[in-house]
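S.K.: Take this structure, written in structure tokens, and hold onto it; I'll ask about it next.
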Amino acid sequence: MIPELNQSGVLPPFIPEQSPTDPASMAPYRSTMSEFVFRYAQSPERIIILKGLLKYRQRLKNIGIIEGFQWLDGSFVENVELNLGRPPNDIDIVTFAKRPTQNTNTEEWCSLIQNNTELFDSDVSKEKYYCDAYFVDLNTDPIHIVNSTKYWFGLFSHQRESCLWKGMIEIPIVCDDNEALKILEKEIGNA
């Protein structure tokens, strides 16, 4: 469930009314893609970004990246329109996933990355999909995974401009994206 934005226009880092020992009451908040789209398809700019996000996720699945999840964050999940007087430019994503079973060795994995730069180069993914996208390879050494998780959680859990503590959203890679696309197309029809 995605909680309501707090008085600062960001997702709360935790839900104060719930138990602090309940993982569901703290970020990252687990959600489905359809809930995410329903919540954030509020403007033409946001709809364009959501369409890019769904295309990005489909491309990941097309190359066999299906076992993992994504953290979604940035101004897209905030009330940037009110706080900064502008629409979001993109959505920040970190994908935590295992390599496709056919590309588990280093040489095959490097080749897959080189042949799909639009998924692994944040500059290219931002231009093509409106996704400022990064990847954490869950097939690497656990120390690397822990350090990467620490880095991304630290970065995503604070607003860049104000250092305000905030929450983020987690969505499985394999999710209800087709349903989310239907919701998004209905929103486009209503616009």
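The values are calculated or read from the model by the stated rules, or taken from the named source; none is laboratory data. Keep in mind it's a predicted model, so treat the numbers as computed, not measured. Note: ideal-geometry Cβ built from the backbone for every residue, glycine included; neighbour counts use all protein chains shown. Quick note on the areas: whole protein, heavy atoms, side chains included, nothing else; ligands and nucleic acids left out. Shrake-Rupley method; radii C 1.70, N 1.55, O 1.52, S 1.80 Å.
S.K.: Go through K126, K150 and list them by solvent-accessible area, largest first, probe radius 1.4 Å. Show your work: numbers first, answer last.
M.R.: Working: K126 80, K150 135 Å².
So the residues, ranked largest to smallest area, are K150, K126.
S.K.: Oh, and also: Identify the residues of segment 88-105 with backbone N under 19 Å of a label point that sits 7 angstrom from the Cα of H144 along the Cα-to-Cβ direction, or state none.
M.R.: 94-105
S.K.: Cross-chain or 8 or more residues apart, Cα under 15 Å: how many lysine pairs in segment 32-191 fit that? Count them up, please. Walk me through the numbers before you get to the answer.
M.R.: Working: K51/K126; K51/K128; K51/K182; K51/K186; K55/K126; K55/K128; K55/K182; K61/K98.
Total qualifying Lys-Lys pairs in segment 32-191 comes to 8.
S.K.: Would you rank R30, R160 by solvent-accessible area, highest first, keeping every protein chain in place and using a 1.4 Å probe? Write out the running numbers ahead of the final one.
M.R.: Numbers: R30 175, R160 200 Å².
Result, largest first: R160, R30.
S.K.: Given a Förster radius of 35 Å and the C-beta distance between E17 and T104 as r, what FRET efficiency does 1/(1 + (r/R0)^6) yield to the nearest 0.05? Let's see the in-between values first.
M.R.: Values: r = 44 Å, r/R0 = 1.26.
That pair, E17 with T104, gives E of 0.20.
S.K.: Residues in segment 83-104, backbone N under 16 Å from the label point at E45 (7 Å along the Cα-to-beta-carbon vector): list them, ranges by number please.
M.R.: So the set is 83-92.
S.K.: Per DSSP H run of at least 4 residues, take -39500 (n - 2.57); add these up for the chain, divide by its residues and hand me the 222 nm value, nearest 500 deg cm²/dmol. Write out the running numbers ahead of the final one.
M.R.: Values: 8 runs with 82 residues, N = 191.
Computed mean residue ellipticity for the chain: -12500 deg cm²/dmol.
S.K.: At 1.4 Å probe size, put M1, M26, M168 in order of accessible surface, largest to smallest. Please list the in-between numbers first.
M.R.: Numbers: M1 130, M26 85, M168 0 Å².
The ranking, largest first, comes out as M1, M26, M168.
S.K.: With every protein chain left in place and a probe of 1.4 Å, what is the accessible surface of I143, to the nearest 10 Å²?
M.R.: Spelled out: I143, probe radius 1.4 Å, area about 120 Å².
S.K.: A follow-up question, please. Can you tell me the relative contact order of segment 14-91? Whole percent, Cα pairs under 8 Å, sequence separation 6 or more.
M.R.: Details: 44 pairs, mean separation 18.6, N = 78.
With pairs under 8 Å counted, the relative contact order is 24 percent.
S.K.: Hey, another quick one. Give me the accessible area per residue for the chain, probe 1.4 Å, as a whole number in Å². If you can, show how the numbers build up before the last one.
M.R.: Numbers: 10190 Å² over 191 residues.
Computed with neighbouring chains in place, this is 53 Å² per residue.
S.K.: Can you send over the solvent-accessible area of T149, 1.4 Å probe, protein chains only, in Å² to the nearest 10?
M.R.: 40 Å²
S.K.: When all protein chains stay in place, what accessible area (Å², nearest 10, 1.4 Å probe) is found for D90?
M.R.: The accessible area of D90 comes to roughly 20 Å².
S.K.: Once you put a point 7 Å from the Cα of E4 and another 7 Å from the Cα of Y151, both along the Cβ direction, what distance in nm separates them?
M.R.: 3.8 nm
S.K.: Here's something else I'd like to know. Using a basic spin-label model with each label point 7 Å from the Cα along Cα→Cβ, how many nm lie between W165 and L82?
M.R.: 2.2 nm
S.K.: Follow-up question, since we're still on this one. Report relative contact order for segment 2-43 in percent, whole number only (criteria: Cα-Cα under 8 Å, sequence separation at least 6).
M.R.: It rounds to 32 percent for segment 2-43.
S.K.: If you take Kirkwood radius over Cα pairs in Å from the coordinates, which of [x] 16.8; [y] 18.9; [z] 17.2 do you get?
M.R.: Only one listed value fits the structure, namely [z].
S.K.: Also, quick follow-up: Over the chain, what percent of the accessible surface lies on carbon and sulfur atoms, probe 1.4 Å?
M.R.: Working: 5600 of 10190 Å².
Solvent-exposed carbon and sulfur of the chain make up 55 percent of the total.
S.K.: Now, a different point. With contacts defined as alpha carbon pairs under 8 Å and 6 or more residues apart, what's the relative contact order of the chain in percent? Could the numbers behind the result be given before it?
M.R.: Numbers: 315 pairs, mean separation 61.5, N = 191.
Once normalised by length, the contact order is 32 percent.
S.K.: What list of ³J(HN,Hα) couplings, whole Hz, do you get for segment 66-77 from phi and the Karplus terms 6.51, -1.76, 1.60, once you set θ to phi - 60° and write x for glycine and proline?
M.R.: These are the phi-based 3J(HN,Hα) values: 10, 9, x, 8, 10, 9, 10, 7, x, 4, 4, 8 Hz.
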